[in-house]
Amino acid sequence: MEKNRAVLQGTHFLSGDLACAEGALAAGCEFFGGYPITPATEIAERMASRLPEIGGVYLQMEDEIASLAAVIGASYAGKKAMTATSGPGFSLMQENIGLAIMTETPLVIVNIMRGGPSTGQPTMPSQQDVMQARWGSHGDYEIIALAPSSVQEMFDLTIESFNLAETYRVPVMLLADATIGHMWERVKIPPKEEIHLSWRKKPEVAPDKYKPFKPDENLVPPMACFGEGYRFHATGLTHNEEGAPATVSSEVQDRLVRRLCNKIRRNTKKIMKIEEIMLDDAEIVVLAYGITSRAALSAVRMVRKEGIKAGLLRLVTIWPFPEELVAQIAKKSRAIVVPEMNCGQLVREVERAAKTTPVLLLSKLGEEPHRPSEISSALRKAIK
Amino acid sequence: MKKSNILQNHPFAKYLRQDRMPHIWCEGCGNGILLNSFINALDELSIDLDKVVVVSGIGCIGRAAGYVNVDSFHTTHGRAIAFATGVKLANPELKVVVISGDGDLFAIGGNHFIHAARRNVDIKVICANNFTYGMTGGQYGPTTPLESWTTTTPYGSIEHPFNLVHLAAASGAIYVARWTALQVRRLKNSIKKSLQKEGFSFIEVISPCPTIYDRYNKLGTATDVMRLFKQISQVQHGYDPSKAVITKNQIMVGEFMDIEKPSYGRLLREMTIRVQEKLKGEESK
Amino acid sequence: MGLVMPKKLWRKPLDSKEIKVPEATISIAKDLCKGCGFCIEFCPRKVLEESDQLNKRGIYPPKAVDEGKCTLCGFCTAICPDFAIFCVEKKSKDDDNDGEK
């Protein structure tokens, strides 16, 4: 009875934030720990009113640090859990992101990016946290980050984020921005049976044989939860497969850290999600993600009418970055244009993969995302 | 995995991860006594060990979570209480105990402590207070007495320390007690009581730190410090926690607070039921 | 503190013949002992003393000088930070399973 209320089946007119909350509920999320922050507050508000309807828990913690700590706790207690924040809160969460990575905790962090640095422009969009999502916490690690470009994608990709988090036991970041978070569009929510959900793999051995951090073939350990009789220990310290701290062994450190990275790197092809539009014969490519990809699509269509062979590579997962694919496309193109709402972040990855192919950054900061005309004039210039 | 029998038939052997013993704590450290009393309490209550979760923070006492043979988690510095809140609310059947130190709980973790106490989250917090940051070599912390020598107060500490029981009671904890590491039976009984009460409970354990704090401040050997505890501690149940300041000549111990108040989890459950009843009513129309 | 009755005036309890003072076995895991001295210092009947045999850590663990004096108060078991000492009731008929509850 309660579970059916989780999927708001039907066609709705929702904002990005609300669609994200509904996506989480449809994914089976039963725990939200958060703190109000513009422009992600609406996610918290929606979860506060919807979670009790399905018997879930909405916890408004005293700060973002506590929010993520509580989410990690809830995930270890067996629930699908998430938090939602923006730049300043995301910075506070970095230490615990490291903890989630080290303890291989499945969870989803939504970052509705706003103008930064520091308090910045709370109500204005940006893509300034892209590198922080990848490198924000200390130590070596890999994470998964997705960039929705529409309200429908806010719903769909939130579900995808949970699926990836549960499959790979890693914190997954949904990097939207203030525009997508606050704009209203039509969202189609399918019936519960049509939504594919993944759940963490449970251990198949008896408790006395269970090793909490012993990986299976795809480098991810099956996950027991508190209260199931496994009586395991998890720690943020470097640990061996039994979960015991091993703070002086180089061998254990090497093995653990490389596995944490490899479980994402080796599975990049399975994780990666991209959209290729008119790329087959494209001489010039726009590589865009999130809000800028909407204008990019218009720009590409515009210049095609003028005879310029442009194409769009839209990244849905921005981390892990699809290096090989971008390298291949770069070889066939004369130039790659990267419109970003920051001073140049993901463009560095593109430059690295593209090698000798020229990469043009279209940097824009402030209230207004790129206009199609801005991107199309850049394309016309680049083709010369 | 548990082939070691290093504890040689000790009655508490089954509560400990024997392959990780002996523990890393120094001789005479209060942490071992705290662990012993905690296990003693679990043993006497015959609690279902599958439903106990121990959460610890960073510090010497933080290693305690790794030694107890139950589900346990060693979090980042100061965040044990926030983590424990998430665990308890996600699965209310679990008995969640936070074992951490004075610095972890009250300096970096101070904010989380007061809010969890205010909300009356059903977690049991046991604080090993040795008046110092031991793991990093003996810096001062929020409970270090005035004029103490520590490595970062080489001219004597000029900071007033917290009165932890007062802070806990004022923040809303329903059970507040303080014992020294010497009063093992009373400590065990307090732990038992807190495990059976629903709501936020706080037990302060005054511990010797013979290698660091006690040595730096010339308090003698571990036994000297325990003798000092015996001499200057006074049991006064129901004493006003705001007056229970620790001085060189007096440590008030006892149960300072023992009240009933609905826990956060209980209120949350009641609210959730109300919401769902209302929805059911609307859906059936 | 009030008057304390001199020991010679103490009355013998009426049920003293039924009460059996338990006999204890004190187990000491010598290599776990770190030499804090708490058990020796705080045993109410002064049953323990520092032994003269070094353990693996290079300290002298305790030894029971007169196990018969032990009343199974359990304080040493409770105060030991290292789980190195415990006392259990000596089983007269069953001669194994010491320490199991």
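Rule-based calculations on the coordinates, nothing more; no lab input. The shown structure was predicted, so the numbers you read here are calculated from the model rather than taken from an experiment. Here the Cβ positions follow ideal geometry from the backbone for every residue, glycine too, while neighbour counts run over all protein chains shown.
Arrange the peptides A:325-338, A:78-91 so that the one whose residues have, on average, the most other Cβ atoms within 10 Å appears first.
Per-residue mean Cβ counts within 10 Å order the peptides as A:78-91, A:325-338.
Taking square-rooted eigenvalues a ≥ b ≥ c of the alpha carbon gyration tensor, is the protein assembly as shown rounded, prolate or oblate, where a/c under 1.5 means rounded and, failing that, a/b exceeding b/c means prolate?
Prolate is the answer for the protein assembly as shown, as a/c is 1.5 or above and a/b outweighs b/c.
Let's see if you can work this out: charge +1 on each Lys and Arg Cβ, -1 on each Asp and Glu Cβ, no other charges. What is the dipole magnitude of chain A about its Cα centre, in debye to the nearest 20?
1140
I'd like the Karplus ³J(HN,Hα) series for the range C:84-91: coefficients 6.51, -1.76, 1.60, θ = phi - 60°, whole numbers in Hz, and an x wherever there's a Gly or Pro.
Values per residue, Gly and Pro as x: 9, 9, 8, 10, 10, 6, 6, 7 Hz.
List every residue whose amide H lies under 5 Å from the amide H of B:G134, counting only residues 5 or more places away in sequence or on a different chain, with H placed 1.01 Å from N in the peptide plane.
Those lying under 5 Å, H to H, from B:G134 are B:C60.
How far is it, in nm, from the label point at C:E89 to the one at B:R227 when both lie 7 Å from their Cα along the line to the Cβ?
Placing both labels 7 Å along Cα→Cβ, they lie 3.5 nm apart.
Considering chain B as a Gaussian network with a 10 Å cut-off on Cα pairs, which listed residue, B:I203, B:I259, B:I114, attains the greatest mean-square fluctuation?
B:I259
From other protein chains only, count the Cβ atoms within 10 Å of every residue's Cβ in A:203-209, then give the mean.
The shielding value for this peptide is 1.
Taking a ≥ b ≥ c as the square roots of the Cα gyration tensor eigenvalues, with a/c under 1.5 meaning rounded and otherwise prolate when a/b beats b/c, else oblate, which class fits the range A:1-124?
Judged from the Cα gyration tensor, the range A:1-124 comes out oblate (a/c at least 1.5, b/c at or above a/b).
I'd like the mean, over residues of B:267-280, of how many other protein chain beta carbons sit within 10 Å of each residue's own Cβ.
Values: counts 0, 4, 3, 0, 1, 9, 2, 1, 7, 7, 0, 1, 6, 2.
For this peptide, the per-residue mean of nearby foreign Cβ atoms is 3.
With label points built 7 Å along Cα→Cβ from the Cα atoms of A:R186 and B:Y155, find their separation and express it in nm.
With each label placed 7 Å out from Cα toward Cβ, I get 7.4 nm.
Partner chain Cβ atoms within 10 Å, averaged over the residues of B:185-193 - can you pull that number for me?
What the average comes to for B:185-193 is 1.
Based solely on C-alpha atoms, express the radius of gyration and the Dmax of chain A in angstrom.
Every Cα atom of chain A included, Rg and Dmax give 21.0, 69 Å.
Sequence-distant or interchain residues sharing an amide H contact under 5 Å with A:L107, placed H: which?
Here the answer is A:V170, A:V172, since their amide H atoms fall under 5 Å of that of A:L107.
Check B:I251: other-chain or 5+ apart residues with amide H under 5 Å from its amide H, H built from backbone geometry?
Answer set, sorted by chain and number: B:S233, B:Q234.
Enumerate by residue number the GluC sites (Glu not before Pro) in the range A:64-113 meeting two conditions: DSSP loop (anything except H, G, I, E, B), and at most 14 other Cβ atoms within 10 Å of the site's Cβ.
Those that pass, being in a loop and sparsely packed, number zero.
Rounded, prolate or oblate: which fits chain C when a ≥ b ≥ c are the square roots of the eigenvalues of the alpha-carbon gyration tensor, with rounded for a/c under 1.5 and prolate only if a/b beats b/c?
The shape class here is oblate.
Return the sequence-ordered ³J(HN,Hα) values of the range A:157-162 in whole Hz as given by the Karplus equation 6.51 cos²θ - 1.76 cosθ + 1.60 applied to θ = phi - 60°, using x for Gly and Pro.
So the J values, rounded to whole Hz, are 6, 5, 4, 4, 4, 5.
Return the whole-Å distance between the Cα centroid of the range B:199-254 and the Cα centroid of the range A:286-357.
Between the Cα centre of the range B:199-254 and that of the range A:286-357, the gap is 65 Å.
A:N262 versus B:D240, label points 7 Å from Cα toward the beta carbon: distance in nm?
6.5
In whole Hz, what ³J(HN,Hα) sequence does the range B:24-39 give by Karplus (6.51, -1.76, 1.60; θ = phi - 60°), x for Gly and Pro?
Once θ is set to phi - 60°, the couplings for the range B:24-39 become 7, 6, 5, 6, x, 6, x, 4, x, 5, 4, 4, 4, 5, 4, 5 Hz.
Among the trypsin sites (Lys or Arg not before Pro) within the range C:7-58, which fall in a DSSP loop and have no more than 12 other Cβ atoms within 10 Å of their own Cβ?
C:R11, C:K17, C:K20, C:R45, C:K46, C:K56
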